[in-house]
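Okay, so here's the structure we're looking at.
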């Protein structure tokens with residue numbers, strides 16, 4: 001799984017702009033799969049996080065952009081969207097020849113190209129389960145990105161979980177609404193199940209184990225089954241039974257419609273953030 005330079009077979013030099021949780025997860029996956037720590041450079045201004053990265057991964061960490069970025073074949077942008085323009089200014093002189101990979105929400109490929117001088121841009125929308133290798137990441141590549149560069153990005157992101165390419169950049173707003181924000185929806189429903197379990201006489205630990213285990217198992221069944229989620233739900237729902245009583249209550253209270261509306265709201269907000277920060 002090592003990312004190689006095509007001419008020498010050595011590990012390709014990768015630069016991370018920002019060394020937070022998502023960047024750290026990517027570095028860990030790279031090194032675990034055989035990529036040389038010496039071929040990874042990180043720009044991380046916060047001393048505590050910088051020292052953590054040095055100790056944990058043995059990578060080169062600098063507090064500010066400089067010549068350390070020169071020669072990188074891939075630059076990974078992992079800063080907060082509102083900090084991108086500020087972070088990009090001192091990097092631009094060093095990274096124009098590299099493939100740019102963004103794990104930032106909202107910053108569009110045109111803005112990344114303008115700020116870095118490179119028209120080879122891949123945008124990704126990961127989610128937090130990527131931190132344990134169970135993520136779902138949406139990807140979009142600009143026209144200048146080659147098939148080999150797409151494959152390189154896939155190798156980099158593979159340790160974080162599943163990947164899905166979309167054809168149009170605006171589809172990343174939908175990806176953000178579904179999978180980017182999606183873990184929060186699951187946690188929300190787990191909270192509700194735990195609350196109900198406690199009200200029904202279970203301990204908080206019992207309610208948590210039942211709720212989390214049920215979500216995990218149901219998701220695994222949905223992933224492996226050839227039947228639709230609707231059919232799987234109907235298979236559990238006997239007319240007049242306990243599940244029927246629960247689903248009927250949810251339908252009477254408009255939960256399905258409200259939930260769909262919530263995802264539309266998330267997608268609208270993703271577009272607004274793109275308009276605000278993405279250029």
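Which residue, 195, 54, 108, tops the fluctuation ranking in a GNM of the chain built on C-alpha contacts under 10 Å?
195
Apply 1/(1 + (r/R0)^6) to the Cβ-Cβ distance of residue 251 and residue 225, taking R0 = 30 Å, and write down the FRET efficiency to the nearest 0.05. Don't skip to the end; give the middle numbers.
Working: r = 23 Å, r/R0 = 0.76.
Efficiency, rounded to the nearest 0.05: 0.85.
Relative to the longest principal axis of the C-alpha atoms of the chain, give the angle of the C-alpha long axis of helix 255-277, reported between 0 and 90° and rounded to the nearest 10°.
The angle comes out at about 20 degrees.
If you find the alpha carbon centre of segment 116-152 and of segment 245-279, how far apart are they in angstrom?
25
Cα atoms only, segment 14-172: Rg and Dmax in Å?
14.2, 40
Find the relative contact order for segment 14-172 and round it to a whole percent, using C-alpha pairs within less than 8 Å whose residues are 6+ positions apart.
Normalised by residue count, the contact order of segment 14-172 is 20 percent.
Defining a contact as two alpha carbons under 8 Å apart and six or more residues distant in sequence, what relative contact order in percent does segment 182-274 show? Each step should come with its number before you reach the end.
Working: 25 pairs, mean separation 12.2, N = 93.
For segment 182-274, the relative contact order is 13 percent.
What are the semi-axes of the equivalent ellipsoid of the chain, taken as the square roots of 5 times the eigenvalues of the Cα gyration tensor, listed largest first and rounded to whole Å? Walk me through the numbers on the way to the answer.
Numbers: eigenvalues 317, 85, 64 Å².
Working from the Cα gyration tensor, I get semi-axes of 40, 21, 18 Å.
Tell me, what is the percent relative contact order of the chain, built from C-alpha pairs under 8 Å that lie six or more residues apart?
Numbers: 426 pairs, mean separation 42.6, N = 279.
Once divided by the residue count of the chain, the mean separation gives 15 percent.
If N is the number of residues in segment 182-274, what value comes out of its Cα radius of gyration divided by 2.2 N^0.38 Å?
Working: Rg = 15.4 Å, N = 93, 2.2 N^0.38 = 12.3 Å.
Cα-based Rg divided by the globular estimate yields 1.25.
Where Rh is the Kirkwood radius over the Cα pairs of segment 119-269, the temperature 25 °C and the viscosity 0.890 mPa s, what D in µm²/s does Stokes-Einstein return? Show your work: numbers first, answer last.
Details: Rh = 17.9 Å.
In µm²/s, the coefficient rounds to 137.
Cβ neighbours within 10 Å, averaged per peptide: list 14-26, 254-266 in order, most packed at the top.
Put in order of decreasing packing, that is 14-26, 254-266.
No lab work stands behind these numbers, since they all come straight from the coordinates. Note that the structure is predicted; figures quoted are calculated from it, not measured. With ideal geometry, Cβ positions are generated from the backbone for all residues, glycine too; neighbour counts draw on all protein chains shown.
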